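**Student:** I am attaching a structure below and will ask some questions about it afterwards.
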């Protein structure tokens, strides 16, 4: 039983942490609404037109389309492959998995900077540089190691009795996966998809290396170009940054309950 003093202390700490976290965000929003190029706060005269100006000047319409295509493709690919590999390693058992699984996890330990040069020349030789498809393939490849680890641990946390009961009822592996395991693991799957979305949407380095055509650049590149051209317009730079961040914030707001549940109950159980 938590005493009143402990409850007051906990809430006080949470409020203090919330202030530290939210203060820069609120300040950033006020800067985006500032009528002054320097970004000075003016709560009496919010300049909502800064978002329109930034949107038009930065070409964020086409960049949003590019990021949406790349991100959706990567999220779908990563999630499907993570579910299948997690099921194979966590439930079915794969011949040589004691060697194969650590090899897959090497993808979590090797930085992208290590293999980016040979990867670029490889993709250039097969015509996949400067294309959405090439970037989607790379994002999938980089996300699968974590996804496989996450879903393997998630499936291993499911009580074996459920799987055994399904097998006794005549369910095959495919049916066990889609009708038994996935409904139970929905928070973990949604958490994985949300993390994949955030990582892909916010990627700058890979996009900078593999995308050269401004017509197909994602929002992170468009933001970098826009900020380079408007270094003196702090309010417009802040408005452009808010535009880029909004999709992730909206997605998290809708799925935060599943995200928190997935983090708490997901990949820490074995």
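Read-outs: derived from the displayed coordinates by stated rules, not from any lab. The shown structure was predicted, so the numbers you read here are calculated from the model rather than taken from an experiment. Reconstructed Cβ throughout: ideal geometry from the backbone, glycine too, with neighbour counts over all protein chains shown.
**Student:** Once the Cα gyration tensor of the chain is diagonalised, what are the square roots of 5 times its eigenvalues, in whole Å and ordered largest first, as equivalent ellipsoid semi-axes? Please list the in-between numbers first.
**Tutor:** Numbers: eigenvalues 303, 164, 46 Å².
The equivalent ellipsoid of the chain has semi-axes of 39, 29, 15 Å.
**Student:** To the nearest 0.05, how large is the calculated FRET efficiency for residue 18 and residue 137 if R₀ is 45 Å and r is the Cβ-Cβ distance?
**Tutor:** Working: r = 40 Å, r/R0 = 0.89.
Given R0 = 45 Å and the Cβ-Cβ separation, E is 0.65.
**Student:** Tell me, 4, 37 in order of fewest to most beta-carbon neighbours within 10 Å? Before the final figure, lay out the partial values.
**Tutor:** On the way: 4 7, 37 13.
Ascending number of Cβ neighbours within 10 Å: 4, 37.
**Student:** Still on this model: Full-extension gain between residue 36 and residue 229, please, as 0.36 nm times their residue separation minus the C-alpha to C-alpha distance.
**Tutor:** Details: separation 193, 0.36 × 193 = 69.48 nm, distance 1.71 nm.
Gain on stretching residue 36 to residue 229: 67.8 nm.
**Student:** FRET efficiency for residue 45 and residue 25, Cβ-Cβ distance as r, R0 = 22 Å, nearest 0.05? Each step should come with its number before you reach the end.
**Tutor:** Details: r = 21 Å, r/R0 = 0.96.
Calculated value: 0.55.
**Student:** Against the longest principal axis of the chain, how steep is helix 112-125, in degrees 0 to 90 to the nearest 10, with axes from Cα atoms?
**Tutor:** Helix 112-125 sits roughly 90 degrees off the main axis of the chain.
**Student:** Beyond 14 Å, what share of the Cα-Cα pairs of the range 146-185 remains, rounded to the nearest whole percent? Display every interim value, and only then the final one.
**Tutor:** Values: 349 of 780 pairs.
Of all Cα-Cα pairs in the range 146-185, 45 percent lie more than 14 Å apart.
**Student:** Most mobile of 181, 14, 135 per a Gaussian network model of the chain (Cα springs, under 10 Å)?
**Tutor:** In the Gaussian network model the winner is 14.
**Student:** For 150, 174, what's the fewest-to-most ordering of other Cβ within 10 Å of each Cβ? Please list the in-between numbers first.
**Tutor:** Details: 150 22, 174 9.
Starting with the residue having the fewest Cβ neighbours, the order is 174, 150.
**Student:** Let me ask another. Angle check, please: helix 234-265 long axis (alpha carbons) against the longest principal axis of the chain (alpha carbons), in degrees 0 to 90, nearest 10.
**Tutor:** Roughly 20 degrees between the two axes.
**Student:** Still on this structure, please answer the following. Could you tell me the distance between the Cα centroids of the range 8-60 and the range 198-241, to the nearest Å?
**Tutor:** 19 Å
**Student:** Another question, then. Work out, step by step, the length gained on full extension between residue 173 and residue 198: first 0.36 nm times the residue separation, then minus their alpha carbon distance; give nm to one decimal. All intermediate terms of the calculation are to be shown ahead of the outcome.
**Tutor:** Working: separation 25, 0.36 × 25 = 9.00 nm, distance 3.14 nm.
Length difference between fully extended and current span is 5.9 nm.
**Student:** How far is helix 97-109 tilted, in degrees, relative to the longest principal axis of the Cα atoms in the chain, given as a value from 0 to 90 rounded to the nearest 10?
**Tutor:** Between helix and principal axis, roughly 10 degrees.
**Student:** What is the calculated FRET efficiency for residue 248 to residue 84, with r their C-beta to C-beta distance and R₀ = 30 Å, to the nearest 0.05? Don't jump to the answer; show the numbers that get you there.
**Tutor:** Details: r = 26 Å, r/R0 = 0.88.
Computed FRET efficiency for residue 248 and residue 84: 0.70.
**Student:** Same structure again: Would you mind telling me which residue in 169, 213, 203 has the biggest mean-square fluctuation in a Gaussian network model of the chain, where springs connect alpha carbons within a distance under 10 angstrom?
**Tutor:** Result for the chain, Cα springs under 10 Å: 169 fluctuates most.
**Student:** Go ahead and set up a Gaussian network model of the chain, Cα springs under 10 Å, then flag whichever of 168, 198, 142 fluctuates most.
**Tutor:** In this elastic network of the chain, the residue with the biggest mean-square fluctuation among 168, 198, 142 is 168.
**Student:** Taking 7 Å along the Cα-to-C-beta vector as the label spot, tell me the residue 56-residue 208 distance in nanometres, rounded to one decimal.
**Tutor:** In this crude spin-label approximation the distance works out to 3.0 nm.
**Student:** So for 209, 75, fewest C-beta neighbours within 10 Å to most, what's the order? Write down the numbers at each step before the final one.
**Tutor:** Values: 209 18, 75 24.
Final ranking by Cβ density, sparse to dense: 209, 75.
**Student:** Continuing with the same structure: Once the piece of chain linking residue 111 and residue 256 is laid out straight, how much longer is it, given 0.36 nm per residue of separation minus the C-alpha distance between them?
**Tutor:** So the chain would gain 49.3 nm between residue 111 and residue 256.
**Student:** Which of rounded, prolate, oblate describes the range 81-228, given a ≥ b ≥ c as roots of the alpha-carbon gyration tensor eigenvalues and a/c under 1.5 marking rounded, otherwise prolate only if a/b is larger than b/c? Walk me through the numbers before you get to the answer.
**Tutor:** On the way: a/c = 2.89, a/b = 2.13, b/c = 1.35.
It comes out prolate by the Cα gyration axes.
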